Amino acid sequence: MKIDQVSAFRIQFSINETLRNQGISIDSLSKKTGVDRTQIWRFQKGRFKTYSKNLAIVCKFLSIEVEDFVGGKDQISLLMETLHDVWDGSEEHACKITSLLRSTAPLLEK
């Protein structure tokens with residue numbers, strides 16, 4: 001199954017969050033699932049376009065329901081497109097954009 005950019009981002013975020021929360025390393029996940037660590041790294045970085053057998057194995061092990069993430073909402077798509085337009089791809093720029101977005105949180109509180 002093909003996965004759009006927004007859904008890939010959502011899956012990527014969920015994988016990273018679950019790994020962080022459960023304290024699981026790439027090496028450990030690789031050993032427990034049999035999925036090569038470079039493939040897991042690609043999932044962590046959002047570098048995938050299809051729902052592959054290996055992605056299914058990793059998501060199942062981490063109790064991530066991929067179906068919950070497929071088919072993004074219009075506003076999320078717009079946000080992701082805007083991010084893609086302004087981000088230069090560097091780690092430094094990602095940190096700056098993250099800081100900028102977090103600084104707007106008080107403006108969004110109701």
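For every residue, the table says whether it meets (1) touching a residue at least 12 places away in the same chain (Cβ under 8 Å); (2) surrounded by 13 or more Cβ atoms within 10 Å (Cβ to Cβ).
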residue	(1), (2)
Arg10	yes, yes
Val35	yes, yes
Phe43	yes, yes
Thr50	yes, no
Ile57	yes, yes
Asp85	no, no
Ser103	no, no
Leu107	no, no
| said: Would you confirm, using the coordinates I've provided, whether Ser30 is on the phi < 0 side of the Ramachandran plot, touching an Asp or Glu at 6+ places or on another chain (Cβ under 8 Å), assigned to a helix (DSSP H, G or I) and buried (at least 17 other Cβ atoms within 10 Å of the Cβ)? | reply: yes
| request: Could you figure out which of (1) assigned by TED's automatic domain parsing to the domain that holds Arg10; (2) surrounded by 10 or more Cβ atoms within 10 Å (Cβ to Cβ); (3) not basic (Lys, Arg) isn't true of Ser63? | output: (2)
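Restricting the range 68-110 to residues that are of a type in the set (Gly, Ala, Ser), part of a helix (DSSP H, G or I) and farther than 21 Å from Ile15 by Cβ, which is modelled with the lowest pLDDT? Don't jump to the end; show me each part of the working.
Taking the range 68-110 as the starting set, the residues that turn out to be of a type in the set (Gly, Ala, Ser) are 71-72, 77, 89-90, 94, 99, 103, 105.
Remaining after also requiring part of a helix (DSSP H, G or I): 77, 94, 99, 103, 105.
Restricting the remaining residues to those that are farther than 21 Å from Ile15 by Cβ gives 99, 103, 105.
Details: Ser99: 92, Ser103: 92, Ala105: 85.
Among residues in the range 68-110 that are of a type in the set (Gly, Ala, Ser), part of a helix (DSSP H, G or I) and farther than 21 Å from Ile15 by Cβ, the one modelled with the lowest pLDDT is Ala105.
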| Could we say that Ile40 is aliphatic (A, V, I, L, M), closer than 19 Å to His84 by Cβ and in contact with a Leu (Cβ under 8 Å, 6 or more places away or on another chain) here? | no
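Residues to consider are Arg20, Arg42; find the one that is part of a helix (DSSP H, G or I), over 24 Å from Leu101 (Cβ atoms), among the basic types (Lys, Arg) and at pLDDT 90 or above. Walk me through how you get there before you give the answer.
Working: Arg20 fails: over 24 Å from Leu101 (Cβ atoms).
Answer to the check: Arg42.
The values are calculated or read from the model by the stated rules, or taken from the named source; none is laboratory data. All of these numbers come straight from a predicted model, not from anything done at the bench. Every residue, glycine among them, receives a Cβ derived from its backbone with ideal geometry; neighbour counts consider all protein chains shown.
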